[in-house]
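See below for the structure under consideration.
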Amino acid sequence: MKIDAGIAAVVTGGASGLGRATAEALAAAGAKVAIFDLNEDAGQEVAGAIGGLFVKVDVTSEDSVLAGFAAARAAHGQERVLVHCAMVNRKGKTVGRNRETGEFTRFSTEDYAFAVDGILTASYRVASLAALGMAALEPLEDGERGTIVLTSSAAAQDAQVGQIAYGSAKAGVSGLVLPMARDLMDLGIRVNAIQPGIFNTPLLARNSQKVLDGLNASVPFPKRMGEPHEFASFAMELVRNTYFNGQSIRLDGAIRMAPR
């Protein structure tokens, strides 16, 4: 897909990190970009900097996502590009021990369901609603109507201790890609996912320098965390290259996560 001023795009989680870098890259290429996020201050700042639109959206709410798409489409027209980076999560071990009491505890079903809703169900919600809108568009070259890029994780394949919900939900995102691509093939809508490893996002930056040094050293090559612009670069290639379809691809510096 050629990205230019005639292309509308939606980026969830676009107020920071991987989503922000992707929104900036799309806008730099000429696309009209709408950012969906819960962080109003940061979202408005990014949207203003790239000449885009910010819409406050909770990806765990069907009504909120529907309203977000309605606002974005009213401003920019039907999106042909969706890059979904937003998520919510809870972490914990399947069964662990309370350090103070010695009591065994279980990661609750409710906490697990919360993470699945915030990662896997939200991915399906946003992608399927975008696809529903894209289906009515006139096709471009190769019969393409739109393209969807989801965010999985290296943890989909080698999740660590305490990532039972995150790892299995991200594995679900990777597993969603091929059947959705096949569901949408007759409509000319492509679906892919990126499985990022350890990336230098604002969330990770809260750690101590000692922790950050250890994370950098854990990557085989290059010996550092990924940068958001590298995620954005790959997302742009997935958007531009029409022959990418049905793929969930690691972007991780060859890291394979140890159990801890």
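The values are calculated or read from the model by the stated rules, or taken from the named source; none is laboratory data. Remember, predicted model here, so these are calculated numbers, not experimental data. Note that each Cβ is placed from the backbone with ideal geometry, even for glycine, and that neighbours are counted across all protein chains shown.
Below is a table of values for the structure above.
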{"read-out": "Which numbered condition Leu251 misses (of (1) surrounded by fewer than 15 Cβ atoms within 10 Å (Cβ to Cβ); (2) more than 21 Å from Tyr124 (Cα to Cα))", "value": "(1)"}
{"read-out": "Those residues of segment 202-260 which are at pLDDT 90 or above, more than 18 Å from Val149 (Cβ to Cβ) and of a type in the set (D, E, K, R), in sequence order", "value": "Lys223, Arg224, Arg256"}
{"read-out": "Subset of segment 235-248 [in a helix (DSSP H, G or I) and buried (at least 19 other Cβ atoms within 10 Å of the Cβ)]", "value": "Ala235, Met236, Leu238, Val239"}
{"read-out": "Test: residue in segment 161-168 that is within 21 Å of Ala23 (Cβ to Cβ), outside any loop (DSSP other than H, G, I, E, B), touching a residue at least 12 places away in the same chain (Cβ under 8 Å) and out of contact with any Gly (no Cβ under 7 Å at 6 or more places or on another chain)", "value": "no"}
{"read-out": "Filter result (loosely packed, with under 15 Cβ neighbours inside 10 Å, of a type in the set (A, V, I, L, M) and in contact (Cβ under 8 Å) with a residue 12 or more places away in the chain) within segment 57-79", "value": "Leu66, Ala75"}
{"read-out": "Pairs with Cβ under 6 Å, 6+ apart, first in segment 91-114 and closer than 22 Å to Arg260 by Cβ and free of Cβ contacts under 8 Å to residues at least 60 places away in the same chain, second assigned to a loop (DSSP other than H, G, I, E, B) and among the polar types (S, T, N, Q)", "value": "Thr105/Asn98; Phe107/Thr94"}
{"read-out": "Scope segment 187-233; condition buried (at least 21 other Cβ atoms within 10 Å of the Cβ), assigned to a helix (DSSP H, G or I) and touching a strand residue (DSSP E or B) at 6+ places or on another chain (Cβ under 8 Å); matching residues", "value": "Pro228, Phe231"}
{"read-out": "Qualifying positions in segment 118-141 - charged (D, E, K, R) and either closer than 17 Å to Asp37 by Cβ or crowded, with 17+ Cβ neighbours inside 10 Å (or both)", "value": "Arg125"}
{"read-out": "Any pair with Cβ under 7 angstrom, 6 or more apart, that starts in segment 7-19 at a residue that is on the phi < 0 side of the Ramachandran plot and ends at one that is buried (at least 24 other Cβ atoms within 10 Å of the Cβ) and charged (D, E, K, R)", "value": "Ile7/Arg80; Ala8/Glu79; Ala8/Arg80; Ala9/Glu79; Val10/Glu79; Gly14/Arg20; Gly14/Asp37; Ala15/Asp37"}
{"read-out": "In segment 177-186, the residues that are more than 20 Å from Phe231 (Cα to Cα), part of a helix (DSSP H, G or I) and in contact with a strand residue (DSSP E or B) (Cβ under 7 Å, 6 or more places away or on another chain)", "value": "Met180, Ala181"}
{"read-out": "Filter result (acidic (Asp, Glu) and farther than 17 Å from Ala122 by Cβ) within segment 12-38", "value": "Glu24"}
{"read-out": "Counted residues, segment 17-54 - those being closer than 22 Å to Ala5 by Cβ and assigned to a loop (DSSP other than H, G, I, E, B)", "value": "5"}
